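Data first, discussion second: the structure below is written as structure tokens.
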Amino acid sequence: MPGGLLPAAGPQPEVVVTGELGARLDGWLTRLSAWGFSGTVMVERGKEVLLHKGYGLADRERGTPVSTATAWPFSSISKQFTAAAILQLEAAGKLKLEDSIADHLDGVPEDKYGITLRMLLGHTSGLPIALPQPTPDSPTLIGDRRATVAAILALPLQSAPGAQFSYSNLGYALLAAVVESAADDIFRGYLGEHVFQPAAMTSAGLFGELLVRDVSLLWRAIMALTIGYSAFIAEVFRAGIQAVEKGQIEAAKALGLTRVQRFRLIVFPQAIRTILPPLGNDFVAMVKDSSLVSVLGVADITQMGKVYAAGTFRFFETYSIVAYIYLLLTISLSLALRGLEARLRRQHADDQIPLPQRASSALPRVVAYSRNRSPGH
């Protein structure tokens, strides 16, 4: 079911047991856990948290205890989030509740033309509750959207559209597909940006997503950018190292230099001049692409701009400021890299001065130094 939410466990919140009432509740729930109770419990009174603690086992086979960061499924309660996404898109003018599903989905058969989005929301579409005999290999909306929608639309209706109430998980699967079509975004991406983040639900996710345990959103963003650019950077280094003439490496071998010495003294000083310009370009591009991590919920410049613009409706001014900030960052980084490249070029030019010329330029300094010394030294 696409509406089934599973919180993506992040850093574990601390255990809280406050006051006499919190202690009494903790003792009672601890005794219940001995009889099989499992769950994460939070009790608040006003703005004070009296109890926040896990009880029982999250995995009985492995003996994994429940903690305050344990992921729990919301099951059908989560259908409200799918419904909220539909109503948001209606408010944005991207769909209407009286639209036929054929207006948003491809391959709808004639017997289902009469199904509207309102019927899917209210469980009066006539669709069955679930696909018959699902298997581990059955398509899911997250894994294969088209195959799932096609399988649902191929099922016979249990009643005429709008004729009677019949609870249906499949109707909400189609609504999730409609969200993707109307919003031109993946379902979990739309929920993350427009539903979870405004509601401060920073640990919510979907069944079928890869959950990275105990890894903060910032480190997930860093890993994503690192993996994305590692291939480009590796190719830059490979090309720079291969640009060094093999004859110089062979000469270093003949002089008895070890592999580490050859790399440190011969290869790297020459390769870095070739590597630095494209490597700098990749770093500048990475700074600009860091704006993409906002889809993960990371509070970067772009995400902060989105939140501010959504609250003030000053989109032009906000995104103009965000653009100027990125421009300043990239120009500063480009100037720093340009200065480093110029320094390397000057060092390279000094290395190209013939040895006799170096000796003659150093001779006056040596003579002047000897003249300044006292006769006794």
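Within the bounds of region 61-80, is there any residue that is modelled with pLDDT of 90 or more and either over 25 Å from residue 173 (Cβ atoms) or within 26 Å of the chain's Cα centre (by Cα) (or both)? Full working, then the answer.
First, pick out the residues of region 61-80 that are modelled with pLDDT of 90 or more: 79-80.
With either over 25 Å from residue 173 (Cβ atoms) or within 26 Å of the chain's Cα centre (by Cα) (or both) added as a condition, the list becomes 79-80.
Scanning region 61-80, I find at least one residue that is modelled with pLDDT of 90 or more and either over 25 Å from residue 173 (Cβ atoms) or within 26 Å of the chain's Cα centre (by Cα) (or both), so the answer is yes.
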| said: Out of the residues in region 219-239 meeting the condition of being in contact (Cβ under 8 Å) with a residue 40 or more places away in the chain and more than 23 Å from residue 274 (Cα to Cα), tell me which one is surrounded by the most Cβ atoms within 10 Å (Cβ to Cβ). | reply: 221
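Pick out, from region 21-71, the strands (runs of 3 or more DSSP E) lying fully within it that include 1 or more residues that are among the basic types (Lys, Arg) and under 27 Å from residue 201 (Cβ atoms). Break it down stepwise before answering.
Details: elements: 39-45, 48-55, 57-59.
Ranges flagged: 39-45, 48-55.
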| Among the residues listed as 322, 295, 284, the single one being within 21 Å of residue 221 (Cα to Cα), at pLDDT below 75 and within 24 Å of the chain's Cα centre (by Cα) | 295
| said: Considering only region 105-114, I want to know if a residue exists there that is of a type in the set (Asp, Glu), under 19 Å from residue 145 (Cβ atoms) and surrounded by fewer than 21 Cβ atoms within 10 Å (Cβ to Cβ). | reply: yes
| message | Checking the condition buried (at least 17 other Cβ atoms within 10 Å of the Cβ) and modelled with pLDDT of 90 or more, which residue from 120, 87, 97 passes? | response | 120
| note | Pairs returned, first residue in region 254-268 that is free of Cβ contacts under 8 Å to residues at least 60 places away in the same chain, second residue that is β-branched (Val, Ile, Thr) and part of a loop (DSSP other than H, G, I, E, B), beta-carbon separation under 8 angstrom, 6 or more apart or interchain, are 266/244; 267/244
| remark: Matching residues in region 106-124 (touching a Leu at 6+ places or on another chain (Cβ under 8 Å) and either in a loop (DSSP other than H, G, I, E, B) or polar (S, T, N, Q) (or both)) number 5
| Looking at (1) modelled with pLDDT under 85; (2) closer than 30 Å to residue 84 by Cβ; (3) among the charged types (D, E, K, R), can you tell me which one residue 14 breaks? | (2)
| query | In region 135-150, is there at least one residue being of a type outside the set (D, E, K, R), under 17 Å from residue 105 (Cα atoms), modelled with pLDDT of 90 or more and buried (at least 18 other Cβ atoms within 10 Å of the Cβ)? | reply | no
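Taking residue 331, is it assigned to a helix (DSSP H, G or I), surrounded by 13 or more Cβ atoms within 10 Å (Cβ to Cβ) and modelled with pLDDT of 85 or more?
On the way: assigned to a helix (DSSP H, G or I): yes; surrounded by 13 or more Cβ atoms within 10 Å (Cβ to Cβ): no; modelled with pLDDT of 85 or more: yes.
Spelling it out, it is not the case that residue 331 is assigned to a helix (DSSP H, G or I), surrounded by 13 or more Cβ atoms within 10 Å (Cβ to Cβ) and modelled with pLDDT of 85 or more.
The values are calculated or read from the model by the stated rules, or taken from the named source; none is laboratory data. No experiment lies behind these values; they were computed from the predicted model shown. Please note: Cβ atoms are built from the backbone with ideal geometry, for glycine as well, and neighbour counts cover all protein chains shown.
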